[in-house]
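Okay, so here's the structure we're looking at.
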Amino acid sequence: MIILGLNAYHADSSAAIFKDGVLIAATEEERFRRIKHWAGFPSQAIEFCLKEAGATIDQVDYITIGRDPRAKLGKKILFLLKDPLGGIKTVRQRLANRQQIASLEQEFEKHFGIPAQVVKPKIRNIEHHRSHMASAFFASPFEEAAILSIDGAGDFTTTMIGVGKGSKMEVLDSVDFPVSCGTFYTAFTQFLGFPHYGDEYKVMGLAPYGQPKYVDEVRQVLRFKDNGLFDWDADYFKSAREVVVTYGDDHIPVVGNLFTARFHQLFGEPRSKNEELTQAHKDLAASVQRVTEELLIHILTHLQKRTGLKKVCIAGGVAQNSVANGKFIGTTGFTELYIPSAGHDAGLSMGSALYQYHQVLNSPRNAPVYSAYTGSKFSNDEIEAFLKKKAISYTRLEDDVLYDTVVDKLIEPGVVGWFSGRAEFGPRALGARSILGDPRNPKAKDLLNLKIKRRESFRPFAPSILKEYVGEYFEKVEDVPFMEKVFPIKKDKQALIPAVTHVDGTGRLQTVHKEISPRYYGLINKFRERTGVPILLNTSFNENEPIVNTPAEALDCFLRTQMDMLVLENCVIVR
Ligand SMILES: [Fe+2]
């Protein structure tokens, strides 16, 4: 049984392929197209997945897409009738998208030469939030769990809660478009001068520099309901009448302007993109983050009481709020939490396929997914052939010598590009396509920003820590395989690892498992042997572009930045 899952015509378009319910490959299309959040038909991701599975489209049993235009159709029509003018615009934009989706089989014909009539019977539309929920629950280690999907919007829903048991999930309740936690956060993201799709993490990074002085004002915008869900004051948001995210011919998602004049009355003038960040901006970011955390804790606390379950799975764009995620255990009644590596819309490919396999076909569960390494891989021989062709001098070293060489460079202090094994699925670099630094170096952050990243100085860098040492360095001990949670760093350790300690004394950690990331584990362990610190600074291997996918892209990034060393599998290139 082969299932090919897709997220198509949607931001972070992607493909994932399963054989008998086992994940064989998953990747975002942006990694091939080299355009962040690329939203279109993921032909290259599909080609990659088929190749990895050794299958052709003919052999694929089902093609699932994490979107169902028929979902909540009655509610959609009612909503549009309420506002005929705004509705017409919305309908036009939606129809454009639906026409694209209706022609999915034609896209397969165009790209793969398979007749549409062969592909069409294989296609299954799986509703957006059910796909999110499936991406978390069916990949989780839990036999039974509560489930929350929460994002901007998808298939006229913005939040969905449910329970999963074995091969089945049941939806308990949902919040209809446009009332949305994701849109709420995005509106403030825009207001604070970060206009691009996916900029929300900048507000999250900025929040610790401020005090939550405006929580009363921010709370006026939202209303927490007694049923454990929420409402908002529609006067503050334009999205009540317009589609939030649109895509042009370039397939780059664009977020429409979300806040209204009423928003200005309460919060003043918005910040323009290049304007200096004032303390008031930082305080507003802190307030928005605080209220978002309160809302999520409100939803989860009710969900826990309602289900009586102790385990919970979360997915959707809001599940990328790693600061909030780090606070759920101990505040909501839940004691265990699973969030997939691609909790955002790229995960719809994986989720829709898992939904079809378990929920629809009633197939038994498989081993949980703890590895995000499902993308491109290149052998040492391929890399050597490439470097020789490019006339780049390099040294090929065995792992043990290699680890020592890299650690020498990090201690110098230097910045190292680390390209190892299969690329990650999801937004975080987890030691397969990472840039590494010495976490003890107080200047590492400035060094990285100067040499490579040139990004906003307020954004933190993350620690990858050997799993066994989490309790020594962090206030909480939980598994964080996908860098999906932020925890306080112990006070007495903060000065030891300043480069990965954020201004509020926290770190967005990745717990590194020996079985899942043997080479990355080996490298960090070597750093521990030499320095006593079981941690490396880890940031994504890119420079204002999607994370590098191939040795050529890694070399290109190395050459155009001031990175000190590049490691491509076992081949080392020094500047
Ligand atoms: Fe979503």
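Observations
- In region 481-500, the residues that are touching a residue at least 40 places away in the same chain (Cβ under 8 Å) and open to solvent by less than 40 Å² (accessible area, probe 1.4 Å): PRO481, PHE482, MET483, GLU484, LYS485, VAL486, PHE487, ILE497, ALA499, VAL500
- Selection within region 153-172 - under 23 Å from LEU361 (Cβ atoms), within 15 Å of the ligand (Cβ to nearest atom) and assigned to a loop (DSSP other than H, G, I, E, B): ASP155
- Restricting region 173-207 to residues that are in contact with a His (Cβ under 8 Å, 6 or more places away or on another chain) and within 14 Å of the ligand (Cβ to nearest atom), the residue that is most open to solvent (accessible area, probe 1.4 Å): TYR197
- Looking across LYS213, LYS225, one residue alone is within 17 Å of ALA286 (Cα to Cα), modelled with pLDDT of 95 or more and more than 14 Å from the ligand (Cβ to nearest atom). It is LYS213.
- For region 411-418, the count of residues that are more than 22 Å from ARG530 (Cβ to Cβ) and either of a type outside the set (S, T, N, Q) or open to solvent by 50 Å² or more (accessible area, probe 1.4 Å) (or both) is zero.
- Residue that is surrounded by the most Cβ atoms within 10 Å (Cβ to Cβ) [pool: residues in region 504-520 that are in a loop (DSSP other than H, G, I, E, B) and within 21 Å of the chain's Cα centre (by Cα)]: SER517
- GLY113 vs. criteria within 11 Å of the ligand (Cβ to nearest atom) and farther than 24 Å from ASP479 by Cβ: no
- Those residues of region 521-541 which are surrounded by fewer than 21 Cβ atoms within 10 Å (Cβ to Cβ) and within 24 Å of the chain's Cα centre (by Cα), in sequence order: TYR521, SER540
- Tally of residues being closer than 18 Å to LEU6 by Cα and either modelled with pLDDT under 90 or in contact with a helix residue (DSSP H, G or I) (Cβ under 8 Å, 6 or more places away or on another chain) (or both) across region 71-121: 21
- Matching entry among VAL401, VAL407 (being farther than 26 Å from LYS485 by Cβ, buried (at least 19 other Cβ atoms within 10 Å of the Cβ) and either free of Cβ contacts under 8 Å to residues at least 60 places away in the same chain or touching a Phe, Trp or Tyr at 6+ places or on another chain (Cβ under 6 Å) (or both)): VAL407
- Of the residues making up region 170-188, at least one is farther than 29 Å from PHE138 by Cα and in contact (Cβ under 8 Å) with a residue 40 or more places away in the chain.
- Scan of region 21-69 for residues that are surrounded by fewer than 19 Cβ atoms within 10 Å (Cβ to Cβ) and either part of a loop (DSSP other than H, G, I, E, B) or hydroxyl-bearing (Ser, Thr, Tyr) (or both), ordered by number: ARG34, ILE35, GLY54, ALA55, THR56, ASP61, PRO69
- Index of the failed condition, ILE150 passing every other in (1) within 16 Å of the ligand (Cβ to nearest atom); (2) of a type in the set (A, V, I, L, M, F, W, C); (3) surrounded by fewer than 19 Cβ atoms within 10 Å (Cβ to Cβ): (3)
- Of the helices (runs of 4 or more DSSP H) lying entirely inside region 344-455, the ones with 2 or more residues being within 14 Å of GLU569 (Cβ to Cβ) are found at 380-389, 399-411.
- For region 542-560, the candidate set comprises residues that are charged (D, E, K, R) and more than 16 Å from the chain's Cα centre (by Cα); within that set, the residue that is least open to solvent (accessible area, probe 1.4 Å) is GLU543.
- The lone exception for MET160 - which of (1) farther than 18 Å from HIS298 by Cβ; (2) out of contact with any Phe, Trp or Tyr (no Cβ under 9 Å at 6 or more places or on another chain) it fails: (1)
- Test: residue in region 362-381 that is acidic (Asp, Glu) and in contact (Cβ under 8 Å) with a residue 12 or more places away in the chain: no
- Screening the candidates VAL323, VAL244, VAL255 for the property of being under 30 Å from SER457 (Cα atoms) and more than 16 Å from the ligand (Cβ to nearest atom) yields one hit, VAL323.
The values are calculated or read from the model by the stated rules, or taken from the named source; none is laboratory data. Owing to the predicted nature of the structure, the values given are computational and were not obtained by experimental measurement. Cβ atoms come from the backbone with ideal geometry, glycine included; neighbour counts cover every protein chain shown. Please note that ligands, DNA and RNA were not included when accessible areas were found on the heavy atoms of the full protein model with its side chains. Shrake-Rupley method; radii C 1.70, N 1.55, O 1.52, S 1.80 Å.
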